[in-house]
Every structure is written in structure tokens, then in C-alpha cells.
Amino acid sequence: MSNGEQLAAELWKIATERLRTMVPDNIYKQWFLNMQPLRLDGACLVLGVADDFFAEWVERSYSTQIAEALSNIAGHDYGHKFEEGFAPQIPSEPVEQVKAEEDKAVDTMPETLSNISTPAKSNRVYSSYTFDNFVVGEENRYAYTAARTAAEKPGLFNPLYIYGNTGIGKTHLLHAVAHEVQKNNPNMVVRYATCEEILNCFVESLKSHQYGSFRSQLRDVDMLLVDDIHVLGSKGQLQEQFFNAFNALYSEGKQIILTSDKRPSEISGLEARLISRFEQGVTTEIYAPGLEVRIAILRGMQQNFMMRFDDEILEFIASRISSNVRRLQGALMQLLTRVSLDQDMPITIERVEYILHSVFEEEFTSQQITVDDIQKKVAEYFNLRVSDLLSNKRPKSIAEPRMVAMYLARKLTDSSFPQIGSAFGRNHATIMNAWTKVPELCAKDEELRRAVSLLERQLKS
């Protein structure tokens with residue numbers, strides 16, 4: 001297998017692990033497992049599919065999810081396209097089995113609600129996120145130890161609350177806990193979900209009048225793992241339900257682990273009683289990894305490839321990227337991609353600097369710009385107030401600048417879709433829509449394109 005094929009396979013492995021959290025299991029198995037990563041055309045992942053019907057259906061139904069799964073893979077966004085004529089790599093499940101699963105889902109709960117159920121043996125847990133491949137340093141040692149203790153002795157640290165900036169290992173630790181529980185206590189029921197998923201499931205349960213199913217998803221577990229709990233802020237009804245579920249689990253000694261980018265007391269709109277509950281166990285901050293840890297992460301990552309870089313190169317990359325692990329991994333992926341296309345040229349510091357200059361620029365920019373900065377700058381440019389961007393007003397004079405602010409927040413900061421959604425009082429789907437819609441609008445509207453370009457330059461300067 002060539003380096004290009006290896007990179008395509010590695011990208012699709014990361015993307016499919018994310019897709020598992022976005023779509024029902026039967027859809028994932030029937031469609032996404034039957035695609036083959038073929039190669040990379042620049043920053044575009046080419047996927048082999050059976051025929052044009054397959055390609056058209058997936059693109060029409062799940063293009064947004066594929067785009068998100070391929071976005072910000074360690075700091076770099078990848079596109080995708082399909083090539084027809086490739087037989088399924090993994091046999092589809094028997095039609096009768098898939099149909100039975102679909103019928104069961106319809107009978108018991110809304111399709112989206114079923115997605116938050118994750119027993120320890122489920123595929124929704126990222127297979128590559130384990131304790132064994134989590135690189136430990138002084139910056140994350142306490143969080144690592146606390147998570148490992150919670151996995152080995154559930155209920156001892158309860159709740160465990162881990163907070164810190166995006167991309168530095170919080171999600172990795174949550175999934176590592178699930179893997180450890182699977183290994184030691186395979187009969188335990190572990191459920192993992194992002195808070196955004198729980199919110200969407202709650203809304204769906206109200207629409208479908210199947211609230212009982214939603215309630216049982218949160219309570220009928222031995223361990224509940226919730227990512228990005230700060231999304232709970234200002235969601236009054238959901239806070240009520242989560243408070244009751246938390247009390248029920250806690251009283252039964254069931255382990256609860258939460259992650260966030262903020263301390264509980266710093267989450268805007270979070271009720272005092274929930275702040276108190278979240279802080280009554282063990283609260284630990286996880287920090288961006290130090291230089292030695294970053295070098296170790298790069299060493300470990302390149303073990304999956306035939307090509308190896310000298311420690312001098314790895315140290316140079318690690319010295320230039322310190323904000324988060326995702327961007328660090330993305331830089332290595334980008335370097336491997338470019339170098340594999342022209343293996344005759346020597347790999348020097350100067351060449352690495354040239355290839356990764358845009359990544360290094362993003363690193364510098366992301367450390368300077370905040371979502372608040374972007375909201376203020378966009379509001380000022382369009383003669384609006386920040387409160388207008390955060391409101392539910394829908395006239396074009398407000399809706400378009402709002403999408404521009406969301407787009408720039410995704411492009412110029414390290415914040416994830418859910419984090420940006422929380423800052424704007426929206427869900428992650430709205431931010432994803434702005435991320436794809438703004439470039440389309442700019443292609444049709446020269447004035448808007450110039451405005452977005454000017455705002456980006458002003459924010460970077």
C-alpha cells in the first residue's frame with residue numbers, strides 16, 4: 001500500500017469513527033461501511049462506491065455529516081468525492097436483520113434518540129481512543145489518573161468533571177474509559193453522548209411523544225459519559241431533566257463523567273443546583289500538552305506509516321504548534337501527504353516550513369482571535385449590535401451577517417461546531433449550515449465576498 005493510500009485509509013478511519021456518532025447503526029453499516037477509501041486528490045478524499053445510485057443517495061442524504069466528519073481532522077478540512085464501480089468492501093447485513101433493526105427503532109424511540117445509547121461494547125466508541133495510546137505528561141497527568149480510576153473503580157470519583165480547551169484530550173479520555181470498562185466489566189451498560197446529541201434527542205422525544213424512551217436512555221445505565229456539558233447552559237427544560245437523571249444515577253452509585261471547556265461555575269445560564277452537583281465530586285483541568293508530550297504524540301502517530309521523519313523535524317513541528325493535539329496531528333498528515341507526492345526532494349526544516357506555513361499561520365491566528373472578537377467585529381462592520389447576531393431575528397440584514405460571524409468563528413478559531421453554536425445560542429447543525437452556505441453566497445455575491453475577505457484580514461491583523 002502506498003503512502004497516499006495509507007493516508008486515505010487513515011483519514012477515512014477517523015471520519016467513520018465520527019460518523020458512528022452521527023447516524024443510526026443500521027445506516028452506518030449499510031452505507032458507510034460499504035465505501036472504500038481510494039486515494040487523496042490534494043485535499044479531497046476519493047471514496048469508492050458501488051454505483052451512481054449509491055453515490056447520489058449518500059450525497060443527498062448525508063453530505064453534511066460527511067463534511068463534518070472530514071472537517072478539522074487535526075486542524076485540516078478535507079473534501080470528498082465518489083468513484084463508482086467498486087464492490088462493497090464489507091458485506092451488507094441481511095435485509096431481514098436490517099429491517100428488524102429499523103422496525104425496532106421505530107417502535108421504541110425516535111431514530112435520533114436511539115443514537116445516544118452506547119453500551120461499552122458498541123461501535124460508537126472511537127476504537128483508537130484508549131488509555132494505552134494517550135500520551136501522559138504533567139499537563140494532563142491528574143485528568144488521566146482520575147479518568148483511569150473512574151474506569152477501574154466506578155463511583156469512587158463521582159461525578160468526575162474534566163474541563164479545558166478544545167482538542168487537548170477530553171474526548172479521548174471519555175472513550176478510553178468506555179474501552180477500559182468494556183475490558184474489565186463487559187456486562188456494564190455505558191452510554192456516551194455529546195450534550196448537543198442529548199438536546200436533539202430531547203427535542204425529538206417531545207415531538208414524537210416518546211419522552212419515556214428518552215428518560216430511560218439517561219437513567220438505565222451503569223455509567224453515563226457526556227461530552228461538552230456546557231451546551232446545557234440556558235436550556236431550562238433540559239436542565240430539569242438532566243438534574244433529575246443526575247440525582248437518580250448518583251443516588252444509585254452509578255458513575256457520571258462530564259467534560260466541558262469551562263468550569264461549572266463559568267457556564268453561562270447553568271442553574272446553581274447543577275453547578276453544585278457538578279462540583280461535588282472531582283473537578284480537574286486538562287491543559288495543552290508540553291513540548292515533550294507533543295513530540296511523543298507525533299512519534300506515536302507516524303508509527304502507522306511507512307515514512308518516518310527525523311526527530312529534528314518532529315521537534316520543529318511540535319515547537320510551532322502548541323494549542324491543541326488535533327492541529328498537531330493534522331500538520332503531520334498534511335506533511336505526509338505532500339512529501340509522499342514528491343519523495344525525491346530532501347525533507348528539510350525549510351521545506352517543512354514551506355509546506356506547513358498555512359497551518360502555522362492558523363496556529364498563530366487561533367491563539368489571538370476569540371468568538372467574542374468575531375461577533376463584535378462583524379456586528380460593527382454591518383452596523384448591528386452583538387445582541388442582534390444572538391437574537392432570533394430573521395431579516396436578511398441580520399441573518400446574513402450572523403452566518404458570516406458563524407463561518408468566521410469556525411474558520412479562525414479552534415472552537416468546534418457545538419462550541420460555536422453555544423456562543424450563538426444555536427445548535428451545531430446551524431453552524432454547519434453557515435459553514436457550507438457562506439462560501440456559496442460569496443460565489444454569487446461579490447460584495448459579500450469582499451466583506452468576508454476584509455473581515456478575515458482585519459481579524460487576523
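The values are calculated or read from the model by the stated rules, or taken from the named source; none is laboratory data. It should be emphasised that the depicted structure is a prediction, and the values quoted were computed from it without experimental measurement. With ideal geometry, Cβ positions are generated from the backbone for all residues, glycine too; neighbour counts draw on all protein chains shown. Keep in mind that these areas ignore ligands, DNA and RNA; they rest on the heavy atoms of the full protein, side chains included. Shrake-Rupley method; radii C 1.70, N 1.55, O 1.52, S 1.80 Å.
Could you pull out the residue among GLY330, GLY300 that is open to solvent by 40 Å² or more (accessible area, probe 1.4 Å) and part of a helix (DSSP H, G or I)? Walk me through it before giving the result.
Working: GLY330 fails: open to solvent by 40 Å² or more (accessible area, probe 1.4 Å).
Within the list GLY330, GLY300, the selection yields GLY300.
Tell me the residue from ARG273, ARG320 that is open to solvent by 60 Å² or more (accessible area, probe 1.4 Å), touching a residue at least 12 places away in the same chain (Cβ under 8 Å) and under 30 Å from GLY253 (Cα atoms), please. Step through it out loud before you land on a result.
Details: ARG320 fails: under 30 Å from GLY253 (Cα atoms).
The conditions single out ARG273.
For the stretch 73-86: of the residues being assigned to a loop (DSSP other than H, G, I, E, B) and open to solvent by 40 Å² or more (accessible area, probe 1.4 Å), which is farthest from LEU335 (Cα to Cα)? Working first, answer last.
Taking the stretch 73-86 and keeping what is assigned to a loop (DSSP other than H, G, I, E, B), we get 73-78, 84-86.
Now drop any that are not open to solvent by 40 Å² or more (accessible area, probe 1.4 Å), which leaves 76-77, 84-86.
Working: HIS76: 11, ASP77: 14, GLU84: 29, GLY85: 31, PHE86: 29 Å.
Within the stretch 73-86, the match that is farthest from LEU335 (Cα to Cα) is GLY85.
Take the residues in the stretch 352-381 that are part of a loop (DSSP other than H, G, I, E, B) and open to solvent by less than 60 Å² (accessible area, probe 1.4 Å); name whichever of them is nearest to GLU456 (Cα to Cα).
Only one residue tops the list, namely ILE369.
Using the structure shown, decide if ALA405 is within 30 Å of GLN329 (Cα to Cα), among the small types (Gly, Ala, Ser) and either without any contact (Cβ under 8 Å) to a residue 24 or more places away in the chain or in contact with a helix residue (DSSP H, G or I) (Cβ under 9 Å, 6 or more places away or on another chain) (or both).
Answer is yes for this residue.
Is it fair to say LEU384 is out of contact with any strand residue (DSSP E or B) (no Cβ under 9 Å at 6 or more places or on another chain), over 22 Å from VAL203 (Cβ atoms), surrounded by fewer than 14 Cβ atoms within 10 Å (Cβ to Cβ) and not charged (D, E, K, R)?
no
Out of (1) free of Cβ contacts under 8 Å to residues at least 40 places away in the same chain; (2) under 28 Å from ALA69 (Cβ atoms), what's the single condition that is false for SER416?
Condition not satisfied by SER416: (1).
Filter the stretch 389-436 for residues that are aromatic (Phe, Trp, Tyr), at pLDDT 85 or above and open to solvent by less than 20 Å² (accessible area, probe 1.4 Å) and give the result.
Answer for the stretch 389-436, where residues must be aromatic (Phe, Trp, Tyr), at pLDDT 85 or above and open to solvent by less than 20 Å² (accessible area, probe 1.4 Å): just PHE424.
Of these, VAL231, VAL203, VAL181, which one is more than 16 Å from the chain's Cα centre (by Cα), under 30 Å from ILE73 (Cβ atoms) and crowded, with 22+ Cβ neighbours inside 10 Å?
Matching residue, one of VAL231, VAL203, VAL181: VAL181.
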